[in-house]
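Asker: Attaching a single structure in structure tokens format; questions to follow.
Coordinate-derived values only; no laboratory data. Given the structure is predicted, the values throughout are model-derived calculations rather than measurements. So basically every Cβ, Gly included, is an ideal-geometry build from the backbone, and we count neighbours across all protein chains shown.
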Amino acid sequence: MRKALKALSVALAVWWIPVLNGVITGLYSSTLERTVRGSVFTSLFGSLSASAVYIAVDTFVLRIPLIGHYPLLLFISALGTSLSVYFAYFSTVRSASIRLTTGALELEFYADSLEEADSALTRGLADCKTREMRLFGEDRVGVRKECGRVVVEYEAWKEGGKVKVRARVRENRL
């Protein structure tokens, strides 16, 4: 809920920029949440709430009497909300999170399939051998590979029509 309130504060800060407010809110929401569902929900909450505040201020405070003003406001608000959700979804799916810890590199990213994730993780590494493969359920798998002096361990599962991968790359200590 705290992340949704942060997205709301950004959406309220940029509500006066008609179409770019959705883009900014969507991109900000994708940096707050690492999951597709969380990012889209946070973006939708912030954008819809900011649109409601914007329409209420325009209706009850400003009272600008323009013919066709309310349909235009609703259209701009719907467009901003749609762009917010679109950018939140695609920037979450297309981005990778990388953390450098003591002795390891941790990655989180989305792939279209398990094969794509495996090739992305072992690209450029020679002589990779699968040492261990574990199944944690119908749609969750854990893999451990040794590639020369490097060990690649990752878990992959289905999330939002994509495969979410959480990997750890570290030096092989023999």
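Asker: Take Pro71 and decide whether it is in a loop (DSSP other than H, G, I, E, B), out of contact with any strand residue (DSSP E or B) (no Cβ under 6 Å at 6 or more places or on another chain) and farther than 27 Å from Tyr110 by Cα.
Answerer: no
Asker: Looking at Asp127, Asp118, Asp139, can you tell me which residue is touching a strand residue (DSSP E or B) at 6+ places or on another chain (Cβ under 9 Å), of a type in the set (Asp, Glu) and loosely packed, with under 11 Cβ neighbours inside 10 Å?
Answerer: Asp127
Asker: Go through region 97-127 and give me each residue that's free of Cβ contacts under 8 Å to residues at least 60 places away in the same chain, of a type in the set (A, V, I, L, M) and within 21 Å of Asp139 (Cα to Cα).
Answerer: Result: Ala111, Leu114, Ala117, Ala120, Leu121.
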